[in-house]
Amino acid sequence: MRFVHKKDDKKFFLNKELHLTHQHSPHANETDEHYCRRWISLKVLQDIVKTNEDHVFDMQISHYPDSKHSYLIFSSATRDPFKTNQYRSVSVGLLINQQLKRKIAFWDDPTIPRFNVGVTCERCAISDCKERIVPPIILQKEQKNLQIEHVVNDLFTQFS
């Protein structure tokens, strides 16, 4: 994935993505939602802006509680050579499965930070997220619709 970020802007844009086997989370959203601020892809962009370094690299294990998948993520941020005050990060995420565990000996190194992450704040079920920048409004709406559906189904069952 490649994200771009402008200095002093609160938005991050996913402008390139490649999924080699099938479409994994995360992937680009076209609805102007706010990508999870726990992602290492965004953290390295925030770090490079703060530190004014030429290059920032980091890694983490991201766990998506909704899908039960975890990924080993490597992320690198640099200045955009073509645009002033703009930065970009490139991240490679590897699904942690039995094959990865056999091939990468350090996959479970305890020094690698681990985070529960969501895709966007608007859809995230992580209730104690300190990085959340907007409420989970889409998730709340989906939950409300499910509750209504259950009530309607119960009424239908009672009267049929």
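The values are calculated or read from the model by the stated rules, or taken from the named source; none is laboratory data. Note that the structure is predicted; figures quoted are calculated from it, not measured. All Cβ positions, glycine included, derive from the backbone under ideal geometry; neighbour counts span all protein chains shown.
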Residue selected from the stretch 40-79 under the condition in a strand (DSSP E or B) and small (Gly, Ala, Ser), by the criterion farthest from Pro110 (Cα to Cα): Ala77
message: Need the failing condition index for Asp32 against (1) of a type in the set (Asp, Glu); (2) modelled with pLDDT of 90 or more; (3) at positive phi, just the number.
response: (2)
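To keep it simple, each residue is scored yes or no on (1) at pLDDT below 95; (2) crowded, with 18+ Cβ neighbours inside 10 Å.
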position	(1), (2)
Phe57	no, no
Lys68	yes, no
Phe74	no, no
Arg88	no, yes
Gln98	no, no
Ile104	no, no
task: For the stretch 2-10, indicate whether the set of residues that are surrounded by fewer than 17 Cβ atoms within 10 Å (Cβ to Cβ) and of a type in the set (Val, Ile, Thr) is non-empty.
output: no
query: What single numbered condition from (1) at pLDDT below 95; (2) among the hydroxyl-bearing types (Ser, Thr, Tyr); (3) loosely packed, with under 13 Cβ neighbours inside 10 Å fails to hold for Thr111?
result: (1)
message: Quick check on the stretch 34-47: of everything there that is touching a Ser or Thr at 6+ places or on another chain (Cβ under 7 Å) and among the aliphatic types (A, V, I, L, M), which residue is nearest to Pro81 (Cα to Cα)?
response: Leu45
statement: With criteria (1) among the basic types (Lys, Arg); (2) farther than 27 Å from Phe13 by Cβ; (3) modelled with pLDDT of 85 or more, Arg132 comes up short on (2)
statement: From the option list Ser91, Ser62, Ser67, single residue qualifying as among the hydroxyl-bearing types (Ser, Thr, Tyr), farther than 17 Å from Asp9 by Cβ, in contact with a strand residue (DSSP E or B) (Cβ under 7 Å, 6 or more places away or on another chain) and free of Cβ contacts under 8 Å to residues at least 60 places away in the same chain is Ser62
- request: Considering each residue of the stretch 97-155, count those that are among the hydrophobic types (A, V, I, L, M, F, W, C) and either touching a Leu at 6+ places or on another chain (Cβ under 7 Å) or not in a helix (DSSP H, G or I) (or both), and give that number.
  value: 15
